[in-house]
Amino acid sequence: MKNSLRLSIVILFCFLISEPAFSSSLMIEGAFARASSGHGKNSAAYLSIHNHSPNDDHLIDAKTNIAAMTSIHNHINDKGIMKMRAVKQIAIPANGSIKLQPGGFHIMLMGLKKPLLEGDKFNLTLIFKKAGTVLCSVLVKKVHAMGHGKKMKHTH
């Protein structure tokens with residue numbers, strides 16, 4: 001009975017984490033978004049993209065039905081001040097990978113249709129120049145989530 005319970009817990013855990021998504025040349029994994037805070041209408045999605053092709057590709061857009069608009073963004077350091085800027089695309093090198101993460105590239109989710117609550121999941125369609133569209137499942141984590149086990153440090 002104990003082994004059966006352990007197996008059930010492991011299976012449940014696997015369903016609670018985001019599943020990898022695949023195309024013929026790309027693998028998307030670790031997709032998560034931050035829960036929206038208060039009456040906030042925006043959030044961001046983060047993920048890793050692995051390109052198993054001998055050719056570069058580019059993430060050029062993202063779509064979801066949980067927000068009015070999505071946009072690919074990057075954080076830049078402008079004379080010591082971190083600013084967010086929209087970018088037209090993100091290059092994914094041949095036989096390489098890129099990580100969209102807090103403080104770097106990310107997908108802005110603007111005009112949320114309802115609050116994102118920790119533990120929720122939603123679909124995000126990624127659009128690439130060469131690979132076309134890839135649908136991935138995004139897990140909603142805590143408001144200040146940093147990804148795989150990372151913790152945010154604050155200094156005042």
task: Give me the number: length gained by fully extending Val87 to Met110, i.e. 0.36 nm times residue separation minus the C-alpha to C-alpha distance, one decimal in nm.
output: 6.8 nm
message: Show me, for segment 76-85, the HN-Hα J-couplings you get by feeding each phi into the Karplus relation (A = 6.51, B = -1.76, C = 1.60, θ = phi - 60°), rounded to Hz, glycine and proline as x.
response: 10, 9, 10, 6, x, 10, 6, 10, 9, 9
- request: Enter the accessible area of Lys142 (Å², nearest 10), with the probe set to 1.4 Å and all protein chains included.
  value: 130
query: Over segment 91-143, what lengths in whole Å, largest first, do the semi-axes of the equivalent ellipsoid take, defined as the square roots of 5 times the eigenvalues of the alpha-carbon gyration tensor?
result: 24, 14, 11
message: As an exercise, take the mean of 1/r over every pair of distinct alpha carbons in segment 57-110, invert it, and state the Kirkwood radius in angstroms.
response: 12.2
task: Would you kindly state how much longer the chain becomes between Ile60 and His39 on full extension, computed as 0.36 nm times their sequence separation minus their alpha carbon distance, in nm to one decimal?
output: 4.6 nm
query: If the cut-off is a Cα-Cα distance under 12 Å, which aspartates and glutamates reach Lys88, setting aside same-chain residues fewer than 8 apart in sequence?
result: Asp61
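The values are calculated or read from the model by the stated rules, or taken from the named source; none is laboratory data. The structure presented is a predicted model; accordingly, all values stated were derived computationally and were not measured. Ligands, DNA and RNA are stripped out before the accessible areas are found, and what is left, the full protein with its side chains, is counted by its heavy atoms. Shrake-Rupley method; radii C 1.70, N 1.55, O 1.52, S 1.80 Å.
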